[in-house]
Amino acid sequence: MTRTALVTGGSRGIGAAISKALKAEGHTVAATYAGNDEAAAAFTKETGIQTYKWNVADYEESAAGIAKVEADLGPIDIVVANAGITRDAPFHKMTPDQWKEVIDTNLTGVFNTVHPVWPGMRERKFGRVIVISSINGQKGQFAQVNYAATKAGDLGIVKSLAQEGARAGITANAICPGYIATEMVMAVPEKVRESIIAQIPAGRLGEPEEIARCVAFLASDDSQFINGSTISANGAQFFV
Ligand code: CAA
């Protein structure tokens, strides 16, 4: 069955691959972005996927944006909370602003994205909530106290939502990508990146499409009994 899907941070990186994969499944997709108008316009031109600009860290903006998507495209049955940022610094150098920015965007952003669509999912007795967490929420990471806290928080969110939504036909799952070839990982200093790749038994970074295919399955009607799960996709770098 084809449905309406919302992907936050859906015009770049892993999010862009997710938007495309959901469209390829026949879903109608809305992709949000925070600031890069040029990249969003290019993405829409390339894919035909509509983009919407709002700050996921802001509840009112998110709720208004979601209302607009639903007016344009129909009720949202699939929500992929993917938008995320890094502000890496060793803890002794991490500023309160670096902490707050990451918490507001990556963690509160999940609340702001899912909360407005949740009542509609409950009423329609169907929903798919997919949160893009990270290997670093599972294992922690030097210079990522802020980011790792949010990505570990994602796992608590889906486990709780899964229990609340199960009888209403809603599932909530997290995917923990390892290191994927995106701008975010490419921004890591080259030497550090090389040492990270050396720790991945697969011997390479993952591809965004390898995460997107997993999202497409979790978004499908076939995944109903998978609920509250954390799926790792990291080339055997880390096992929970
Ligand atoms: N483990 C142990 N020590 C480490 C380390 C690590 N992973 N990385 C750096 N260090 C050490 C350095 O060797 C150096 O030690 P010395 O002082 O003894 O030489 C020290 O820590 C670095 O201190 P600096 O004061 O020079 O650090 P800095 O303020 O310049 O910060 C950094 C540099 C921000 C840590 C930079 O190295 C960096 O960005 N590292 C990458 C962090 C990372 O892996 N981020 C993941 C991004 S990808 C992502 O988040 C996507 C996802 O979900 C997987």
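The values are calculated or read from the model by the stated rules, or taken from the named source; none is laboratory data. Given the structure is predicted, the values throughout are model-derived calculations rather than measurements. Areas reflect the complete protein model, heavy atoms only, side chains present, ligands, DNA and RNA absent. Shrake-Rupley method; radii C 1.70, N 1.55, O 1.52, S 1.80 Å.
When N is the residue count of the chain, what does its C-alpha Rg come to as a fraction of 2.2 N^0.38 Å?
Here the answer is 0.95, to two decimals.
Which sequence of Phe111, Phe225 reflects their accessible areas, 1.4 Å probe, from the largest down?
The residues order as Phe225, Phe111, largest area first.
Which sequence of Tyr59, Tyr33 reflects their accessible areas, 1.4 Å probe, from the largest down?
The residues order as Tyr59, Tyr33, largest area first.
For Lys151, give me every one of the lysines with a C-alpha distance below 20 angstrom, ignoring sequence neighbours fewer than eight places off in its own chain.
Once the sequence-local lysines are set aside, what remains near Lys151 is Lys100, Lys139, Lys159.
When all protein chains stay in place, what accessible area (Å², nearest 10, 1.4 Å probe) is found for Thr28?
60 Å²
From the square roots a ≥ b ≥ c of the eigenvalues of the alpha-carbon gyration tensor of segment 1-51, which class results: rounded (a/c under 1.5), prolate (a/b over b/c), or oblate?
prolate
Given a 1.4 Å probe and heavy atoms of the protein chains only, how would you sort Asp154, Asp104, Asp221, largest accessible area at the top?
Accessible-area ranking of Asp154, Asp104, Asp221, largest first: Asp221, Asp104, Asp154.
Scan around Gly127 for amide H atoms under 5 Å from its own, H built in the peptide plane at 1.01 Å from N, and keep only partners 5 or more places away or cross-chain.
The list, which skips near neighbours in sequence, is Ile170, Thr171.
Leaving ligands, DNA and RNA out of it, work out the accessible area of Met186 with a 1.4 Å probe and give it in Å² to the nearest 10.
90 Å²
Excluding ligands and nucleic acids, what accessible area in Å² is computed for Asp72 using a 1.4 Å probe, to the nearest 10?
70 Å²
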